[in-house]
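A.B. asks: Questions regarding the structure given below will be posed in turn.
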Amino acid sequence: MSSVIRLAAWAGGLTIALAALLYPAILNGFPITYFDTGGYIVSAFRPEVWPGRAAAYGFLIKYLHAPGTLYPLIVFQALLVAWFLNMVARSHNLPHGPLALAVTSVVLAAATAVSWFSAQAMPDIFQPLLVLGLFLIVFRRDHLGSWERLGVVLVIWFAVAAHMVNVGLAIGLVILCVVAGLLCWVTRWSRKLYVIGPAIFVALGVATIPLLNQAIDGKFRFVPGGDAFVFGRLVQDGIVDRFLSDNCPSPEYQLCAYQGRMPKTADDWLWGADSPFNQLGQWDGMSAEMQAITLASLEAYPRQHFDTAVAATWSQLKSVATGDGVIGWHWLTKWAVESFTPDLLPDYLASRQSRGDLSFAELNRWQVPIALAATALCAWLVLILAGFRQLDLAWFCTFVSVAILGNAMICGIFANAHDRYGSRIVWLAVLAVLLTGQRILQSMFGRRPVPAEVPERAAPAPRRRLRPLKPAARPQRIDPVIEPVPVAPAVAASALVEPQPASADLESAPAVPPEPAAEPVSAEPVSAEPANPEPGGPAAAGFEPAPPGPPASPEPTEPVPAPGTTEPVPAPGATEPVPAPGATEPVPEADPDQTRSEPPVAPKPAPPRDEFAVVFPSDEETMPGFNFRPKPTP
């Protein structure tokens, strides 16, 4: 019954999440399209690589569209987004599952543009999935199952092969992972970072692009037309005008004929009907001249190139509005749908986007401020979380911040600043802020404590302390119970009773006069019957107390061995304590070696050891400079 309830909960939570991530397509009546959608369709259905478009995503459109509908494609994309959201939350020990997934999806759909990209027939949604996938497989790999790891690396592979921007972004993030691994090694953290595997799949994705182009049109090359986007940004920044002013007239450059009449923006250079780019041969006819001018201007004006690159990066960071390019005028997409997938044409023409009924003014009133605030807060949270030793979220915020900055640099410098380039990845900053808020609420009101991830240092080599070897301990033996052997009273009293130190009780006892010195007595047994039958007294053990002697001197002296013997006997004039009347004198236990009836067994020799023994510190000891605190339970 519990499995049925759990399955029903997942069905409900996943339905809510998919509805939140696909509401733009539901509202539109057709998946959201872009101008580039037509180029991907062309690359999949005929042997032609459209300039500026990687062909891998076109095959995803080709094989994930059903007759008369393109919804399987966007449902697949939304499922990937939901899956990654749940894995990220679970890997950080944050609330996950159907309810948490539904709430997170609804919040992200309302506050960011994630829904407009998951419901769009474009590879843009795979850029944030690439960032999440690299983070999970490098930093949180131990929290993923084997099938999840396989799925994540396959998504990484496809994301790199689906868009040229993802190539540069993936290489930059792999470099960040290598730097993080070196940092963990230098600081002796035991955190394992798995960099080699993701780097291999990133390399496979990069190699897939020219191999796929070779299979389509027989040319082993990357996506054509990349130099035209870079040149368009130089036209917009005025670098090309300055170069033409300094080098024209010259028969080497065809653009000298357009000196002073160059387009003002990069989009006008690429897509304008009267643009010199279109009049002089477009992608193939202008490629050599654009490359030559770009390299020559970089050598001639390096400072201007640097300043404009920084300005373009900053401009791209601020460009995060939703709905950029989502318009009805997409002649290339309309022609591609009509030519290669005519079954989709009726729904495409009937959509609100084709009729121009979509507006984003109200939506951007709160989504743009949220995106900009989350971007700044995400970078600030890196220091805050690291200070509170929440290193898992600190690394996540670092990864997201570097990805957003890297995307702004790549798109701003090598293309042009557009809101679409920023809004497709900035929702990761909002996700990082949400996860941090969940960690704070969990630590304040959660039922279980939040496992603060303390830097796990590798165990340092313990300090060696040298101690001299102790003598081998005498092996313990269990001796049989032996009946006491009766001996002469005088010998027993002198041989077995150890002299007692003087104390307050002994000084207060009545003194007994010592007996005169006597000749040594042979220690042979006498009668087997004790002389004193008093129970509990000395005679009960087979001995008699010494007879009273003359008065003792005020201070006792140490016993002196008798001549020719080793047993201590009382010295002349020494006093011996006598128990009070009615009391029994405690008899010390006999030494096993004195009363043993069989010869003693020699102890076993200790195993050979060095002169000094190495003793390591115990768990309670603390070394200078290290803190042996128990590792928190995750």
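A.B. asks: Once you list every other residue whose beta carbon is under 14 Å from the beta carbon of Ala89, what net charge do they have if Lys and Arg are +1 and Asp and Glu are -1?
C.D. replies: Result for the local shell: +1.
A.B. asks: Turning to a different aspect of this structure: On a 1.4 Å probe surface of the protein chains, which of Cys248, Cys411 comes out largest in accessible area, and what is the full order?
C.D. replies: Largest to smallest exposure gives the sequence Cys248, Cys411.
A.B. asks: Still on this structure, please answer the following. Restricted to Cα positions, what overall size does the range 86-236 have along the principal axes? Three whole-Å values, descending.
C.D. replies: 47, 42, 34
A.B. asks: While we're here: Run the 1.4 Å probe and let me know the accessible area of Ile125, rounded to the nearest 10 Å².
C.D. replies: That residue has around 0 Å² of solvent-accessible surface.
A.B. asks: Here's a follow-up. What percentages, rounded to whole numbers, describe P(r) for the range 13-112 computed over all alpha carbon pairs with 10 Å bin width beginning at zero?
C.D. replies: Per 10 Å bin, starting at 0, the Cα pair percentages come out as 15, 38, 29, 17, 3.
A.B. asks: How much accessible surface does Lys334 have with a 1.4 Å probe, in Å² rounded to 10?
C.D. replies: Surface accessible to solvent at Lys334 totals approximately 90 Å².
A.B. asks: Report D for the range 334-429 in µm² per second (integer): Stokes-Einstein, Kirkwood Rh on Cα pairs, 10 °C, 1.306 mPa s.
C.D. replies: Stokes-Einstein gives a translational diffusion coefficient of 97 µm²/s.
A.B. asks: Could you pull out the pairs from Lys264/Lys318; Lys62/Lys219; Lys264/Lys334; Lys62/Lys318 whose alpha carbons sit more than 32 Å apart here?
C.D. replies: Exceeds cut-off: Lys62/Lys318.
A.B. asks: While we're on this one: Once each part is reduced to its C-alpha centroid, what is the distance from the range 162-176 to the range 227-251 in angstrom?
C.D. replies: About 28 Å separates the Cα centre of the range 162-176 from the one of the range 227-251.
The values are calculated or read from the model by the stated rules, or taken from the named source; none is laboratory data. Bear in mind the structure is a predicted one, so any value in this text is a computation, not a measurement. Cβ coordinates were reconstructed from backbone atoms using ideal geometry, including for glycine residues, and neighbour counts include every protein chain displayed. Surface areas here come from the heavy atoms of the whole protein model, side chains and all, with no ligands, DNA or RNA. Shrake-Rupley method; radii C 1.70, N 1.55, O 1.52, S 1.80 Å.
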